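FYI, it's all coordinate maths here, none of it is from the lab. All values derive from a computational prediction rather than experimental measurement. Note that each Cβ is placed from the backbone with ideal geometry, even for glycine, and that neighbours are counted across all protein chains shown.
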Amino acid sequence: MKHREDNAGIPSRRRFLQKTLTLIPLAAAGNSLMTTTARADSPKSEGVSAHYVPTFFNLDEWRFILAATDRLIPEDANGPGAVSEGVPVFIDKQMELPYGYGHLWYMQPPFADAVPELGYQSNLVPRETYRRGIKAINAWCQQQHQRVFADLDRAQQEAILHQLEKGSLNPDGLSGAIFFTQLLENTKEGWLADPLHGGNQTLASWRLIGYPGARADYPQVLDNPNQPYPLGPVSISGKRST
């Protein structure tokens, strides 16, 4: 009873953070994993995602986002991955903007299957796609593997993402292909975004592709045509990367 009384005085968002830090997969934690899926080859960078308290996603959804984005852009020899760069943070923030609510495009019926060139066709806005999709995928994983997606090993997670991408896995009537497209697009956007929006916190992706960012002038480029830009990228807020 004493433990329950102590928790009662802790703000709900802090309790959420405490739970997240003890449950997140190795994709986002530098210390030993608290679940049965511990792996010695996990990334060591915590980044911003491990300490961020999401506004839109609940705990189960957040764990899914951490695990899935880490599989899409893992940390490797080329640099940090999606989790340590804050891509999950970017996605969470987007869900509370007009984009997440579907206010940026026409969302009235009739809805139909159509080629991508004709625009967004789903009857679900991004917030609903994530909320329903993660719940359905976790339920399927629980039924098939007796564990939710975040608690599966990496090979299993990647196999499930491949099934979703191909459209061969459509749990609870949800279009796996649409869900995967939503997740992949938002992950890429967060990876390449200005840090102001939550992702790309160390400008790793810009540095990787040689993008100079928000620099005001480029005399080095003018004087040295066909040569890589010699200076590191700069964000809108003035953050620099060498």
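Values as computed for the structure displayed
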item	result
Given charges at Cβ of Lys, Arg, Asp, Glu: the range 186-242 dipole, positive-most of GLN201, PRO212, SER235	GLN201
Sorted by Cβ density within 10 Å, fewest first, the residues THR187, THR55, THR181	THR55, THR181, THR187
Amide hydrogen neighbours beyond the local backbone of VAL234, cut-off 5 Å, H modeled	GLY213, ALA214, ARG215
Ranked ARG154, ARG240, ARG63, criterion: other C-beta atoms within 10 Å, fewest first	ARG240, ARG154, ARG63
Simple spin-label estimate for VAL115 and ALA177 in nanometres, 7 Å along Cα-Cβ	1.4
Mean-position separation - Cα centroids, the range 133-186 and the range 48-126, in angstrom	14
DSSP-loop chymotrypsin sites (Phe, Trp or Tyr not before Pro) across the range 62-137, with at most 12 other Cβ within 10 angstrom	TRP105, TYR106, PHE111
Net lengthening on full extension, ALA139/SER237 (0.36 nm per residue, minus Cα-Cα)	31.1 nm
